[in-house]
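The values are calculated or read from the model by the stated rules, or taken from the named source; none is laboratory data. Note that the structure is a prediction, hence the values are computed from the model and not measured. All Cβ positions, even for glycine, are placed from backbone atoms using ideal geometry, and neighbour counts span all protein chains on display.
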Amino acid sequence: MDLKLIMALVSDDTTEAVMNAAREAGATGATVITSVRGEGLKPEKTFLGLDLSAHRDVLLFLVAGPRARDILETIAEAGQFDEKPGAGIAFQVSIEDAVGMKTQAATILHEIEEEI
């Protein structure tokens, strides 16, 4: 099966919107890693040693290859990645093999059967 891993790094206030959009676009599930920190071009500011940066989440979606680009674009739109600086990023990588997807495999195959 052709699989892609989509990783989205988003501010925690948009996590739910991005997850819902990804599900509507064809993602069958997600793993969320909460409260991560990152830096862009400029380091985040601090006040008396306290970090002022917003909390971020990492969303991991293992999706069918034929649907990956649509899901990726839907995530970008829901997270407003191109409209708001620092809103987040998402990217996809190819997956050579995966196990433990028995419960999702039938759904994935059914949803993309016309595309393969």
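Quick notes
- Residue in the stretch 32-54 that is at pLDDT 95 or above and within 19 Å of M101 (Cα to Cα) present: yes
- Within the stretch 77-88, residues that are in contact (Cβ under 8 Å) with a residue 40 or more places away in the chain and surrounded by 15 or more Cβ atoms within 10 Å (Cβ to Cβ) sit with their Cβ atoms under 6 Å from residues that are part of a loop (DSSP other than H, G, I, E, B) and of a type outside the set (G, A, S), at 6+ positions apart or across chains, in these pairs: A87/Q80; A87/F81; G88/F81.
- Residue match in the stretch 56-65 (condition: within 12 Å of the chain's Cα centre (by Cα), at pLDDT 95 or above, within 15 Å of T15 (Cβ to Cβ) and not in a strand (DSSP E or B)): no
- Residue check: A21 meets all listed conditions (1) part of a helix (DSSP H, G or I); (2) modelled with pLDDT under 90 but one, namely (2).
- The number of residues in the stretch 69-105 that are in contact with a Lys or Arg (Cβ under 9 Å, 6 or more places away or on another chain), among the hydrophobic types (A, V, I, L, M, F, W, C) and modelled with pLDDT under 95 comes to 1.
- Subset tally (residues that are under 17 Å from V32 (Cα atoms) and of a type in the set (K, R)) for the stretch 78-98: 0
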